[in-house]
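Chemist: Before we start, here is the structure in question, set down as structure tokens.
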Amino acid sequence: MFELESAFDEVVIYQPDAYTDYRGSIWTTWKEGSGDYPQDLNFSHDKLSSSRRGVLRGIHGDFKTWKYVSCIHGEIYFVVVDNRVESGTYLKWGWTMLSGENRKHVLLPPGFGNGFYVLSPKCVFSYKLCYPGEYSDVADQFTLKWNDTRVGIDWPTKNPILQKRDK
């Protein structure tokens, strides 16, 4: 088990500063051309998912999409797996906690899959996607089973709520 912050050189975690006052907080999640990121990415597709406590989503990915993800409400145990066969970290995994409170965002290059387990009563997960051509939907994505023994992820549950694809 590796903390995601040190597991992969290619995966980058951002934790933007927030301006906070009596009303709450405000922070920037992405600013094109800021120079804060390894390359300029043209995000063209955003998605949100909402889930309840006990749900495990993933591990999904493809070989052409950059993903910039965060948990904007709630708290999740977030996992990344390297699925690039030619990589020295093939099938290695890393984890971190993502929440609306810690404001962490994770930038995943193509070939990395991600999944998460919901710890809070509810969560909202945000995906910003950048890819050439058409979107790689389910038929063009890879899925690694949540309990794949080759990977050996140490999830905080033994009995998650799963969709058919992830069982």
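Chemist: Going highest first, how would you order 48-55, 140-147, 25-32 by mean Cβ packing within 10 Å?
Modeler: Numbers: 48-55: 14.2, 140-147: 16.1, 25-32: 11.6.
Ranking, from highest mean packing down: 140-147, 48-55, 25-32.
Chemist: Any idea how far apart residue 19 and residue 44 come out in nm if each label point goes 7 Å out from Cα toward Cβ?
Modeler: Placing both labels 7 Å beyond Cα along the Cβ direction yields 3.3 nm.
Chemist: Moving to a separate point now. State the percentage of accessible surface on the range 1-139 attributable to carbon and sulfur atoms; use a 1.4 Å probe and exclude ligands, DNA and RNA. The partial results should precede the final answer.
Modeler: On the way: 3570 of 7280 Å².
Of the solvent-accessible surface of the range 1-139, carbon and sulfur hold 49 percent.
Chemist: Here is a further query. Which percent of Cα pairs goes in each bin when the distances of the chain are cut into 5 angstrom slices starting at zero?
Modeler: In whole percents, the pair-distance histogram is 2, 8, 18, 22, 22, 16, 8, 3, 1, 0, 0.
Chemist: Please give the calculated 222 nm ellipticity per residue for the chain, where each DSSP H segment of at least 4 residues contributes -39500 (n - 2.57) and the sum is spread over every residue; nearest 500 deg cm²/dmol? List each step's numbers first, then the result.
Modeler: Details: 1 runs with 4 residues, N = 167.
Helix-only estimate at 222 nm: -500 deg cm²/dmol.
Chemist: In addition: Once label points are set 7 Å from the Cα along Cα→Cβ at both residue 135 and residue 32, what is their separation, rounded to one decimal in nm?
Modeler: It is 1.9 nm.
Chemist: Moving on to the next point. Based on alpha-carbon centroids, what's the gap between the range 44-117 and the range 143-161 in Å, whole number please?
Modeler: Between the Cα centres of the range 44-117 and the range 143-161 lies a distance of 14 Å.
Chemist: While we're on this one: With only alpha-carbon atoms counted, please give the Rg and Dmax of the range 59-153, in Å.
Modeler: Radius of gyration, then largest Cα-Cα span, for the range 59-153: 13.2, 39 Å.
Chemist: Under 8 Å for C-alpha pairs, at least 6 residues apart: give me the relative contact order for the chain, rounded to a whole percent.
Modeler: Values: 360 pairs, mean separation 54.6, N = 167.
Over the chain, the number comes to 33 percent.
Chemist: For residue 159 and residue 73 in the same chain, what is the full-extension length gain: residue separation times 0.36 nm, less their Cα-Cα distance, in nm? Before the final figure, lay out the partial values.
Modeler: Numbers: separation 86, 0.36 × 86 = 30.96 nm, distance 2.30 nm.
Stretched out fully, the residue 159 to residue 73 stretch lengthens by 28.7 nm.
The values are calculated or read from the model by the stated rules, or taken from the named source; none is laboratory data. The model shown is predicted, which means the values in this text are computed figures rather than measured ones. Positions of Cβ are generated from backbone atoms using ideal geometry, with glycine treated the same way; all protein chains shown enter the neighbour counts. To get the accessible areas, we keep the full protein, side chains included, count just its heavy atoms, and leave off ligands, DNA and RNA. Shrake-Rupley method; radii C 1.70, N 1.55, O 1.52, S 1.80 Å.
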